[in-house]
Amino acid sequence: MTRPEKIRLGDLLVNQGLLTTEQLKLALDEQKRTGRKLGRIFVESSYVTEDGIAKALAHQLQAPFIDLKSFRPKPELIKLLPESQARRHRALVLGEQEGALLVGFADPTDLSAYDEVARIVGRDVALAVVMESQLLALIDSVYRRTEEISGLAKELTADMADVPVEFGGLLGLTPGAEDAPVVKLLQMVFEEAMKTRASDIHIEPQEQSLVIRFRIDGVLHIQTEADPKISTAVVLRLKLVSGLDISEKRLPQDGRFNIRVRNNSVDVRISSMPTQYGESVVMRLLNQSTGILGLDRMRLPPNVLARLRHAIHRPSGMVLVTGPTGSGKTTTLYAALSELNTPEKKVITVEDPVEYRLPGINQVQVHEKIDLSFERVLRSALRQDPDIILIGEMRDQETAEIGMRAALTGHMVLSTLHTNDALSTPVRLLDMGVPRYMVALSLQLVLAQRLVRVICDNCSEPHDLLPYEREWLRYELGDRVDEHRYRRGRGCAHCNNGGYVGRQGVFELLEMSQELVEAANHGDPAEFMRVGRSQMAGDTLRRDAVRLVLEGRTTVDEAMRISNQFED
């Protein structure tokens, strides 16, 4: 059984030809000055790769080197070493080997860490060498805190068994309120949501339980189920921190608050709604620490990017981004806005709520309770001499008409609308009651989009098409279906065994050409749709989704799932 031994890392790397004596001397001087670990200095100075150091140590110790990229951990073994100890000793139980536990160490020369891990697990330990960056990423993904959250929920249930909810305690007015189970429960829920890259938290009271679900990459996952008794305390606490009326339980309410989670500043948009078994709460998480993407980083198809850029740099007109809730419309608009935001331009946004903070622009939050409506703010905004106006959403006829008039009178107007695809957007505006001439003359471009899940790089593997997938692809590819190679995510610790990590947009674009303007003014929706289809020439959301499939970015199944949202 391999056991750690004291190794002079610098001498080892020099002896194996991975490091020069001059580089070692410079690194040692840096270590004396800063106190940082020698291995970290080697990597950050680009003398040796992290992979190279790990393999050199494994070779010296005659221990296996394990690449954790595609490693699939066993939960029952992982839990033998608590998370705090795994982080402290940079170690993880990877498997079993001849009666011993195979444990990966980022620093296999640390004798005390080896002995302490062996003591904690109570078994013989076989040493393996892993890269620290991969180990920390794996720890983040495998130590899910579902059991801790469930434990806190049970603790809160026990506390509330015979005691009514006290408003003062939930407000934090009593000593030790920050340690109350409801506070610790919510704190842990937010931490777990950030760890799993959740975009929304759903807290839903049912007849027999309180269900907490996370939306991760557009799909809901149950995080935990708790006793429904705690629902009132949890919702009350959330209402308090977001400034909602705690005495009103019969009407929906909306609010927002800001918290710091895992060193990230997170804006939380909260919506409460009365249901049969209590108030349901949904929270949208907006991580302000990630910043705003530019158009170049949105991964739009080159032809779509060029035409969109041309449209938004015009002096006037309207550009609409369409799609369902959660399809990334506001992110795309702000990417465009960040490109237009220069000292020479006056930019005003009218939103409900303001989702991103962008320096240099004037952002207005709509507040219906004090009659600060979209229409009222827009009328005032036009008197502020803006060059560019962003309207959060075309919600009704009046808002749409004011925006269209602004586009006709020398302003560039950006906004969103809920429609299925680009081609149906002008028709939807007409259905809202917007005059036909306004739609024809002010609308310059419509960008429709969806978000598809991206295959996890760590566990991506070839995929043989199923019969129904082949038939679906045949619609776009014809007889060329079998000329391409397809991929899927097998599932690993890095993607929580889901096979996907992150999302990417698929797009289609409609420009209002002279022929389309004439068709819109003609008043025949069927003729307008015919001309529009001819102009788009098949460059649809479906075709863009297939493009990502052929590039190995997403799966056929995911492209089909998204396509079903906008196909008959």
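Starting with the highest mean, order 517-526, 437-446 by the number of other Cβ atoms within 10 Å, averaged over the residues of each peptide. Don't skip to the end; give the middle numbers.
Values: 517-526: 14.9, 437-446: 20.5.
Going from most to least packed, we get 437-446, 517-526.
Would you kindly calculate the translational diffusion coefficient of region 202-247, applying Stokes-Einstein with the Kirkwood radius from alpha carbon pairs, for 20 °C and a viscosity of 1.002 mPa s, and quote it in µm² s⁻¹ without decimals? Intermediate values should be presented prior to the final figure.
Values: Rh = 11.5 Å.
Value of D from the Cα-based Kirkwood radius: 186 µm²/s.
Could you work out the relative contact order of the chain? I mean the mean sequence separation of Cα pairs under 8 Å and 6+ apart, divided by the number of residues, in percent. Display every interim value, and only then the final one.
On the way: 971 pairs, mean separation 55.7, N = 568.
With pairs under 8 Å counted, the relative contact order is 10 percent.
Rounded to the nearest 20 debye, what is the charge dipole size of the chain about its Cα centre when +1 sits on each Lys and Arg Cβ and -1 on each Asp and Glu Cβ?
On the way: 71 positive and 80 negative charges, 211 e Å.
That gives the chain a dipole magnitude of about 1020 debye.
Can you spot the lysines whose alpha carbon is less than 27 Å from residue 345's alpha carbon? Ignore those fewer than 8 places along the same chain.
The reachable lysines, counting only those whose Cα sits under 27 Å from residue 345, are 329.
Calculate, for residue 379 and residue 240, the FRET efficiency according to 1/(1 + (r/R0)^6) with r their C-beta to C-beta distance and R0 30 Å; round to the nearest 0.05.
Working: r = 35 Å, r/R0 = 1.17.
The pair residue 379/residue 240 has a calculated efficiency of 0.30.
Counting only the heavy atoms of the protein chains, how much of residue 25 is accessible to a 1.4 Å probe, in Å² to the nearest 10?
Here the accessible area works out near 110 Å².
Taking only DSSP H segments of four or more residues, each worth -39500 (n - 2.57), what value at 222 nm results for the chain once the sum is divided by all its residues, to the nearest 500 deg cm²/dmol?
-11500 deg cm²/dmol
Search the structure for amide H atoms under 5 Å from the amide H of residue 364, placed 1.01 Å from N in the peptide plane, and list their residues when 5 or more places away or on another chain.
349, 350, 351
Round to the nearest 10 and give me the degree value, 0 to 90, for the angle of helix 467-477's Cα axis relative to the longest principal axis of the chain.
Once rounded, the angle reads 50 degrees.
Would you tell me the accessible area of residue 459, worked out with a 1.4 angstrom probe on the heavy atoms of the protein chains, in Å² to the nearest 10?
For residue 459, solvent-accessible area is about 0 Å².
Describe numerically, in nm with one decimal, the distance between label points set 7 Å from Cα along Cα→Cβ at residue 408 and at residue 37.
6.6
Straight-line reach from residue 229: which aspartates and glutamates fall under 20 Å, measuring Cα to Cα and dropping same-chain residues less than 8 apart?
147, 148, 155, 159, 162, 166, 179, 204, 207, 248, 279
Going highest first, how would you order 466-474, 103-111, 426-434, 483-491 by mean Cβ packing within 10 Å? Write down the numbers at each step before the final one.
On the way: 466-474: 14.2, 103-111: 21.7, 426-434: 18.4, 483-491: 16.0.
So the order, starting with the most tightly packed, is 103-111, 426-434, 483-491, 466-474.
By accessible area of protein heavy atoms, probe 1.4 Å, what ranking do 26, 358, 127 get, highest first? Working shown, then result.
Numbers: 26 85, 358 25, 127 5 Å².
Ranking 26, 358, 127 by accessible area, largest first, yields 26, 358, 127.
Using the charge dipole of the chain (Lys, Arg: +1 at Cβ; Asp, Glu: -1 at Cβ; taken about the Cα centre), state which of 246, 95, 536 has its Cα farthest towards the positive end.
The residue sitting farthest along the positive end of the dipole is 95.
Apply the Debye scattering formula to the chain, with a single equal point scatterer on each alpha-carbon and no solvent, then give log10 I(q)/I(0) at q = 0.06, 0.09, 0.11 Å⁻¹.
-0.42, -0.90, -1.18
What does the accessible area of residue 49 come to, in Å² to the nearest 10, when a probe of 1.4 Å is used?
The accessible area of residue 49 comes to roughly 90 Å².
Helix 397-408 sits at what angle to the longest principal axis of the chain, using alpha carbons and giving 0 to 90 degrees rounded to 10?
Tilt relative to the chain: about 80 degrees.
The values are calculated or read from the model by the stated rules, or taken from the named source; none is laboratory data. The shown structure was predicted, so the numbers you read here are calculated from the model rather than taken from an experiment. As a convention, Cβ positions derive from the backbone with ideal geometry for all residues, glycine included, and neighbour counts pool all protein chains shown. Surface accessibility is based on the protein's heavy atoms, side chains included, excluding ligands, DNA and RNA. Shrake-Rupley method; radii C 1.70, N 1.55, O 1.52, S 1.80 Å.
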